[in-house]
Structure formats: C-alpha cells, structure tokens
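So the structure is just underneath, and the comments pick up after that.
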Amino acid sequence: MGSKQRDVWKHGKYIDLWSIVHFLSGALLASFFFYLGLDLFWSSTFTLVILLGWEFFESVLGILETTSNVVVDIIIGLVGFLLFARFHYFESWAFDWRNFISLLLLTLALSGWGFVDFLKRGYR
C-alpha cells in the first residue's frame, strides 16, 4: 500500500474538520462576551454578526464553499456559543482565564494546522 495522506482539511458539503474550529470559536465568543459583562442578547447578537462576517471575509478571500457548508458553519458556531452561554449565563460558570486561554490555543492550533494545509494543498 502507498503512503497516501488523508485530506482531513478538505471542505465537506455540510461538516468538515473546520466545523470544530467554528464550534470552538462560538464557545470562545460566549466566554469573552460574558467576561466583558455583556448580557445574553448583545452577546448573541455580536456573535452572530462575527460569524456572518467571517463567512463573508472568507468569500472575499476567494474561499468559496457550498451554501450548505456556510450555513452549517454558522449554525455550529452558534451551537458552541449557546452551549457556553448556557454554562456562563444560566449555570453560573465563572470566567476562568486558564480555560479561556486553553480553548483559544486549541482553536489557534487547529486553525494554524488547517491554514498550513491550505498553503500546501490549496483550497479544496
């Protein structure tokens, strides 16, 4: 058998490895806006604007995805946001810098891995 590399960062029709990054990004936004003291309405509004803005930014860069993938990316980001918003706003989880930084580093590591793959293989 040959040593064929798996194309783990290839964009899927609905869900792909980037979905994890979108989920974690939503979770980070919930924690960050909670830390800033924003109420749930403004936190969710700003999160939705950022998630939509990111997808628009990707299209400006020429990263064209199927409409279904874009919609699912936004939904998954909102799911990450809503899960962490529930913990912070309704389950009384205090903001913890260690957890936030850990989550941020994981998100950046996955994003960096995907970006390096993008540079090596191009958009797929």
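The values are calculated or read from the model by the stated rules, or taken from the named source; none is laboratory data. What you see is a predicted model; the values in this text were computed from it and never measured. A quick note on method: Cβ atoms are made from the backbone with ideal geometry, for glycine too, and the neighbour counts reach across all protein chains shown. What goes into the accessible areas is simple: the full protein's heavy atoms, side chains included, and nothing from ligands, DNA or RNA. Shrake-Rupley method; radii C 1.70, N 1.55, O 1.52, S 1.80 Å.
Results, tabulated for the structure shown:
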{"item": "Rounded to 10°, Cα long-axis angle of helix 18-35 versus longest principal axis of the chain", "result": "20 degrees"}
{"item": "Accessible surface of the chain, 1.4 Å probe, proportion on carbon and sulfur as whole %", "result": "71 percent"}
{"item": "Extreme residue, positive dipole direction of segment 52-123, given options Gly77, Leu103, His88 (C-beta unit charges)", "result": "Leu103"}
{"item": "Helix axis angle, 97-121 relative to the chain longest principal axis, alpha carbon, degrees", "result": "20 degrees"}
{"item": "If the convex hull is drawn through the Cα atoms of segment 27-95, its volume per residue in Å³", "result": "72 Å³"}
